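The values are calculated or read from the model by the stated rules, or taken from the named source; none is laboratory data. This is a predicted model, so every value here is computed, not measured. FYI the Cβ positions are ideal-geometry reconstructions off the backbone, even for glycines, and counts take in every protein chain you see.
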Amino acid sequence: MGVFDPLLELLRGLGTTFKMALDKPVTYQYPEEKRPVRPRFRGRHVLKRYENGLEKCIGCSLCAAACPADAIFVEASENTDEKRFSPGERYASTYEINMLRCIYCGFCEDACPTEAIVLGDNYELSFYDRRSAIYTKEMLLEPVPSVEMTTPRKVEPGVFTRSVPEMKDPQD
Amino acid sequence: MAKQVTLTIDGKQVTVPEGTLVADAAKMAGIDIPVFCHHPKLEPVGMCRMCLVEIGRPVRDRATGQFVMENGAPKIQFMPKLETACTNKVEEGMVVLTRSQKAVEGQKGTIEFLLTSHPLDCPICDKGGECPLQNLTVAYGPGKSRFLYDEKMHLDKQVPLGELIWLDRERCIQCARCIRFQNEIAGDPVIGFDERGRATQIVSFSDPGFDSVFSGNTTDICPVGALTTSDFRFGARPWELQAHASICTQCPVGCNTTLNTRREAKSGGRIVVKRVMPRQNEDVNEIWICDKGRFAYHYTEGKQRLTRPMIRKDGKLTRASWDAATKLAAENFQKAKKNFVILASGRLSNEDLFNLKSLAEHADGKAYIYSHMGGGELTSLVGVGEGTNFGSMGAGTTIVVVASDLYEEAPVWYLRIKQAAARGANLIVMNARETKLDRYASFTVRYAYGDEVKAVSDLAKKGKIGDTFLKSENAVILYGSDGLGVSGSAALASACAKLLHDNGFTGRPNNGLIGVWGRANDQGAWEMGFEVEEDLAKAFKGKTVYIAGADPVADDPKLAKALEGAEFVAVQDVMTTATTEIADVVLPAQAFTEREGTLTSGERRVQRFYPAVPVTGEAKADFAITSQIARHMGIVLEGTSVSAVFDILAASVKSFEGLTYARLAEVRPQWPIVGRSDLYYGGTTYENTQGMGAQLSAAAGRGEKVSIPKVEKEALVRPKEKELLAVPVTKLYDRGTTILPSELLHERIGEAKVILHPETAKSLGVEEDQKVSVSFNGVNGEAAVKLTDTISVGVALIPRSMGLAIREPVAVKVK
């Protein structure tokens, strides 16, 4: 082993350092800059609405049944045309997800007969106490684009009679 | 025992009684044949075609009648097409194939057809999760359909058949189980099919809609979600519910029930009862319960529940500690000495009543049962013996129903007696008016009000009816208080007991006297030695009164006045009542849903109920409260464990001798099989895993010498001119404290009524539904007139607990 060998090794190492210094950095400047998520990313749940603003969720509780962590609690009530939340007879009057329990497996999404619950892109979940880890229906529900689309609302009688729409095979 | 027949189902040798249907025989052998329209309690119709199987019968030689043998075994000839297992009876040597390719194809085809018009809205259906159609589709269906979704028949989805039962016409698969139940079992043919083909739908043709007190049972046996109750509508998914065994506390039948509970955000995160379901007990209620039992549970969790003890201070009820409240009560009870009176309701459990009775005995007080009926001490003497079961009564047994409208007072007894009559039992119905049970009676006896005792005594006389009665092997008499007060019913009980005793109809199973009481555990109170007092007002005056579970103030203004004049009033109840308002000490008791205990049914069956929901506030069980009061008085009563109280009770009350708390929890295999994974067969009734109870022995059955005291019948009230004879009757839905909190039933309860014959009404110049003023015995009130020609002219029926405080037959002025 020569006398300069350690130096050579040092230079070789520094070479790598200099090379990488010129490369584009992989670090995201979170929270100013957010990393885009993958198409199948499973983030915080969102309760979807139809285009007319009615809630897709019909309070069937199948998500709660599918949930391996027992994180979802649903209670249903009856819709009327005077006070309609969702199409059909039934809507979720209480919908809660305990985000501390949730393991983001997406089984709820699979179980949902109306594609109402979707695991979205939001991964920014942090809480100061356990109570605020429970997301209520108001927190989960998608915002409405205009005021007249809010639920509950009065609708024409006899139009929204069916709860489960005709479904296509799920796409990505 | 019926002749046994051996057949082969799927290669398994099965021996069953002759006349069994193939579908039932398979079930007995543990083989599932899917069914929708078939129900083991109903006559077969073969409407749904789900049970298609291949059936082969051995070939018989026409000349000799012997089996034709082939290779050493009888030659089997299969029918060219599939047959329904639910309409074919078993035959010797029959071979049934339930899973052959042909049978499987047939079953798949049936499912595919049934689903052509089914909306498949399982996610929002109350039946989803316990639905036979769902389960059988998964187990026997083809998996996909060749029909187009767009071609489904769309019908009305939210159709209230009555205010209790809702119909979804799309979901109905036209199996007619509900219609057949109403026709065959309930005897209320109020629903039927309308239209034809794919448009066939269930309609109710009664007013009010679905006018039957058994309507809730149709939702249990409906194999789809077509019929659901409005009470449970979207209440929870079935798999989210917890099940707790209980006993219905609404009437003396003692139906076994299951309370389904769930934690609920709507109720502030508390665990609440979501629905009451029947629990199988073939000796008591089979797999049915009445609508009162199913829907009148809301009082246990209303806002009116008492949560903490209260003491009256400066005229106002103020919160107090348990210790202070019980101490105050104890001091006053002790001070009262002989002036101490306990009034207990038959709603309390055996243990509560036992502790109350013990307290009365130790403190030298009186213990009364709050009842409108007397004669209970006789049901302990010559009551029905161990092994009595309406389900085993048939030819050779005479059932006498006297002065009781069982349909209104004890619906499940009505149902079971109706079936006993269909099996050949002689049914003698004696009443002053027509009741629903008359339709199934072998003999109907009409007497005038006041002649009850004579009518019963006449059964011992020669004649068509007397001979039938005297010549029967077994005889049961059910006596009630239809048109009778305390002394009238006591006299009637004595006449009935004498008749049974003189003719040897006591001390054996299916023989004896049954009281049709007003409350669930009145029989238990009688066994414990409680007495009934006709003039409670007099008994209260100037006394120290301890009231448990009763509300005399709301029931009768006279009693309210008497209690105002009482020295001291302690009230122990589950909820705020008019009586707790005037009390000096209020002690909050636990509802039956929050605790355990036992109840004695009218058939003298002791049954256990179990806790289902957490305790409300600081409430304590009745027996524990009594024990705590007793301790302050220096009396030791068990107050911690129900089973310990029961043990002491069994050791001190003779008829309870030999019973243990554990024995009450024993179960036997029962037929039909219900409530397991195979809901399609018996419906959603729960399987009994927590006890079928045990019957008490009667003095006559223990071989003791029985002497029946002669009770003088009361002199009949003679109405003067412009007066009518008013008699009390019992209605199923009344304004009682345990029913009124169930808002669902308000339409059925209605307002205070006076029921008249059209001719009486004509002579009075009043019309149907007209408001009239009614006055009798110092009671004045308003009531709506109802007309019926099933009662006598000159008589007015006034339902109890409907706002007019009628205790016995009285002369009444109607204006």
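Some notes on this structure:
- All of (1) assigned to a loop (DSSP other than H, G, I, E, B); (2) surrounded by fewer than 20 Cβ atoms within 10 Å (Cβ to Cβ); (3) of a type in the set (A, V, I, L, M) hold for B:Leu484 with one exception: (2).
- Members of the range B:560-596 found to be free of Cβ contacts under 8 Å to residues at least 40 places away in the same chain, in a loop (DSSP other than H, G, I, E, B) and under 31 Å from the mean Cα position of the chain (by Cα), listed by number: B:Gln590
- In the range A:30-55, the qualifying residues are those that are of a type in the set (A, V, I, L, M, F, W, C) and outside any loop (DSSP other than H, G, I, E, B), and the one that is nearest to the other protein chains (Cβ to nearest Cβ) is A:Leu47.
- Any hit, the range B:231-241, residues being surrounded by 21 or more Cβ atoms within 10 Å (Cβ to Cβ), among the charged types (D, E, K, R), assigned to a strand (DSSP E or B) and not assigned by TED's automatic domain parsing to the domain that holds B:Phe390: no
- Positions within the range A:56-101 being of a type in the set (D, E, K, R), more than 13 Å from chain B (Cβ to nearest Cβ) and buried (at least 16 other Cβ atoms within 10 Å of the Cβ), in sequence order: A:Arg84
- Qualifying residue in the range B:29-39 (condition: surrounded by 14 or more Cβ atoms within 10 Å (Cβ to Cβ), without any contact (Cβ under 8 Å) to a residue 40 or more places away in the chain and either in the same structural domain as B:Gly683 (by TED's automatic domain parsing) or over 30 Å from B:Leu679 (Cβ atoms) (or both)): no
- In the range A:102-129, the qualifying residues are those that are farther than 30 Å from B:Glu170 by Cβ and of a type in the set (Phe, Trp, Tyr), and the one that is nearest to the other protein chains (Cβ to nearest Cβ) is A:Phe127.
- Of the residues making up the range B:336-357, those that are in contact with a strand residue (DSSP E or B) (Cβ under 7 Å, 6 or more places away or on another chain) and either without any contact (Cβ under 8 Å) to a residue 12 or more places away in the chain or farther than 16 Å from B:Val574 by Cα (or both) are B:Ala336, B:Asn339, B:Phe340, B:Val341, B:Ile342, B:Asn350, B:Glu351, B:Leu356, B:Lys357.
- Index of the failed condition, A:Lys19 passing every other in (1) assigned to a helix (DSSP H, G or I); (2) buried (at least 18 other Cβ atoms within 10 Å of the Cβ); (3) away from every other protein chain (no Cβ under 14 Å): (2)
- Within the range A:139-157, not a single residue is among the charged types (D, E, K, R), touching a strand residue (DSSP E or B) at 6+ places or on another chain (Cβ under 6 Å) and within 14 Å of chain B (Cβ to nearest Cβ).
- Subset of the range B:615-651 that is among the hydroxyl-bearing types (Ser, Thr, Tyr) and in contact (Cβ under 8 Å) with a residue 60 or more places away in the chain - its residue that is surrounded by the most Cβ atoms within 10 Å (Cβ to Cβ): B:Thr626
- Matching residues in the range B:214-230 - criterion: being within 12 Å of another protein chain (Cβ to nearest Cβ) and not in a loop (DSSP other than H, G, I, E, B): B:Thr228
- Extreme residue, nearest to the other protein chains (Cβ to nearest Cβ), among residues of the range B:120-133 that are surrounded by 22 or more Cβ atoms within 10 Å (Cβ to Cβ) and not β-branched (Val, Ile, Thr): B:Asp121
- Residue within the range B:273-281 that is in contact with a helix residue (DSSP H, G or I) (Cβ under 9 Å, 6 or more places away or on another chain), closer than 24 Å to B:Gln572 by Cα and not assigned by TED's automatic domain parsing to the domain that holds B:Asp584 present: yes
- Leading residue by the ranking (nearest to the other protein chains (Cβ to nearest Cβ)) among those in the range B:242-254 that are assigned to a strand (DSSP E or B) and under 30 Å from B:Leu406 (Cα atoms): B:Ala243
- The set of residues in the range B:764-815 being assigned to a loop (DSSP other than H, G, I, E, B), hydroxyl-bearing (Ser, Thr, Tyr) and free of Cβ contacts under 8 Å to residues at least 60 places away in the same chain consists of B:Thr788 alone.
- Checking each residue in the range B:255-268 for being modelled with pLDDT under 95 and in a loop (DSSP other than H, G, I, E, B) picks out B:Ala265, B:Lys266, B:Ser267, B:Gly268.
- Selected residue (only one of B:Thr307, B:Thr326, B:Thr300 is in a helix (DSSP H, G or I) and either outside the structural domain of B:Val545 (by TED's automatic domain parsing) or in contact with a Gly (Cβ under 9 Å, 6 or more places away or on another chain) (or both)): B:Thr300
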